[in-house]
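The values are calculated or read from the model by the stated rules, or taken from the named source; none is laboratory data. Note that the structure is predicted; figures quoted are calculated from it, not measured. When we count neighbours, we look across all protein chains shown, and the Cβ atoms used for this are built from the backbone with ideal geometry, even at glycine. Just so you know, the surface numbers come from the protein's heavy atoms only, side chains and all, with ligands and any DNA or RNA stripped out. Shrake-Rupley method; radii C 1.70, N 1.55, O 1.52, S 1.80 Å.
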Amino acid sequence: MNQNKIKGRAAQINPKNRFEKLHIENLPDEEILFDEGFPSDQKIKTVFYKDDSKSVIAKNDSYDVGFGYSFNPYRGCEHGCIYCYARPTHEYLGFSSGIDFETKIMVKEDAPSLLEKEFRKKSYKPDLIMFSGNTDCYQPIERKLKLTREALKVCLKYKNPVCIITKNSLIQRDIDVLKELAGLKLVTVTLSITTLDKNLAHKMEPRTSSPDMRLKTIEVMAKNNIPVGVNIAPIIPGLNDKEIPDILKESAKLGAAHAGKVMLRLPYSVKELFIEWLDREFPEKSKKIINSIKGVRGGKLNSSEWGKRFRGEGELAEAIHKLFYLSCKKYGLNSERDYISAEHFVKSPPEQIEMFR
């Protein structure tokens, strides 16, 4: 066992912030706690900071993502997925993309009211809003703060369409609001599943719901007539790509109707974090996996080019795409698309008794 391993965190280092001239390698001692049951494992508490941002949605201009806006009540994510492409955004806040991203979370306490203000603006053009466009809107602190739940109620009030993607079964808590949205054809839900291997998931995304719980959540959504699907994201060549058929099969069996995939991309410091994680957790096959990743990225570890960043390129990428496509066809996924529209958006809804208390 690594005597210095930080318990419950995927990242074990804080890479240098590319925007900061001063870099402190180690965390201050006062931020490190020790779990009495695991004397050899360090445990770092999560700290939450108030985010005074005056805007809560971001306009999307990328043609390859399929939504007009993204809504993010939290910056940073306690799920701690080692591969997360959003990690480098924490550097804009003066933090690191490593342990800081998982343990220093910015919270937009006014997110629901800010969303309502956006809807009321004359300049707002109704469009599909992605919840979790950057970090997961159902990460652990949401259980207490309920910012995502309240924001969904705002979307229902104004009849603005929503798509949600998450790795957390906490979304089941909001089944009442989601059923209302689904009845008006205003929502789709997607569970992100990277592996069915519980041990791999725990190493790679330590504070997400287990794969079994995510599959159960697909079943719950489907039984409540809420359009639901699965996203295999990211596909890591040489590590989880062989699981594509099984993930799609199990998801379809439980009611998933649509499926998507995203090839792993490692922007900026995520390269360093992911390689350190691979060397630590899978030293015997680390080099092979790295070479496979380069095989779908034109010899590199990242690609930001539209049309290639999600799909990859080259023979291996095409083989993975074919495996995904044939598996979707075999299990009846993506045979029909869920239709949701912003055509029923209400700029000034009548005042009504507060719902879902």
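Computed values, structure above
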quantity	calculated
Members of the stretch 50-74 that are at pLDDT below 95, in contact with a Leu (Cβ under 9 Å, 6 or more places away or on another chain), not in a loop (DSSP other than H, G, I, E, B) and not aliphatic (A, V, I, L, M)	Tyr69
Condition met for Lys59 (closer than 24 Å to Tyr268 by Cα, touching a Gly at 6+ places or on another chain (Cβ under 9 Å) and open to solvent by 40 Å² or more (accessible area, probe 1.4 Å))	yes
Some residue of the stretch 137-158 being in a strand (DSSP E or B) and not hydroxyl-bearing (Ser, Thr, Tyr)	no
Selected residue [of a type in the set (S, T, N, Q) and out of contact with any helix residue (DSSP H, G or I) (no Cβ under 7 Å at 6 or more places or on another chain)] from Asn199, Asn225	Asn199
Every residue from the stretch 175-218 that is in a loop (DSSP other than H, G, I, E, B), of a type in the set (D, E, K, R) and on the phi < 0 side of the Ramachandran plot	Asp197, Glu205, Arg207
Residues that are more than 27 Å from Tyr92 (Cα to Cα) and either assigned to a strand (DSSP E or B) or not charged (D, E, K, R) (or both), drawn from the stretch 122-136	Ser123, Pro126
Residue within the stretch 243-253 that is open to solvent by less than 30 Å² (accessible area, probe 1.4 Å) and part of a loop (DSSP other than H, G, I, E, B) present	no
Unique match (being modelled with pLDDT of 95 or more and part of a loop (DSSP other than H, G, I, E, B)) among Glu318, Glu284	Glu284
